[in-house]
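Remarks on the structure that follows.
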Amino acid sequence: KILDTTEKLQTNDFYEFGGFRLDAKKRRLMKNGELISLTSREFEVLFYLVTRAGRVVEKDELLDAVWADVFVEETTLA
């Protein structure tokens, strides 16, 4: 099961950074008004990192949060 961050975190509806706008409710990423296509897992990784901006996220923490139900090799994060 992919991390359902709406259940685990109280979030803002939107996050803006460097010309990007992340819509947490609609699960969309926009850059200068254009939709950036992301897979569900890519969105989960980005959302997890954005909601923890300003702190270091350890590799194991990210793997546990986004890929808790599957075996993932470390090269996947590259």
Report task. Would you check the accessible area of residue 13, probe 1.4 Å, heavy atoms only, in square angstrom rounded to 10? Result -> 70 Å²
Report summary line: Interchain or sequence-distant (5+) residues whose placed amide H lies within less than 5 Å of the amide H of residue 28 are 23
Query raised in the report: Per 5 Å bin from zero, what fraction in whole % of the C-alpha pairs of the range 38-78 is there, up to the bin with the longest pair?
Result: 5, 22, 35, 26, 10, 1
Query raised in the report: Counting only residues 5 or more places away or on other chains, whose amide H sits under 5 Å from the amide H of residue 57 once H atoms are built in the peptide plane?
Result: none
Report summary line: Averaged per residue, the 1.4 Å probe accessible area of the range 11-78, protein heavy atoms only, in Å², is roughly 70 Å²
Query raised in the report: Which whole-Hz ³J(HN,Hα) couplings does the range 24-37 yield from phi under the Karplus relation 6.51 cos²θ - 1.76 cosθ + 1.60, θ = phi - 60°, glycine and proline marked x?
Result: 5, 6, 8, 6, 10, 10, 10, 10, 6, x, 9, 6, 9, 6
Requested in this report: Heavy atoms only, probe 1.4 angstrom, no DNA, RNA or ligands counted: give me 41, 52, 21 ranked by accessible area, highest first.
Outcome: 21, 41, 52
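The values are calculated or read from the model by the stated rules, or taken from the named source; none is laboratory data. Computed from a predicted model, the values in this text were never measured in an experiment. To get the accessible areas, we keep the full protein, side chains included, count just its heavy atoms, and leave off ligands, DNA and RNA. Shrake-Rupley method; radii C 1.70, N 1.55, O 1.52, S 1.80 Å.
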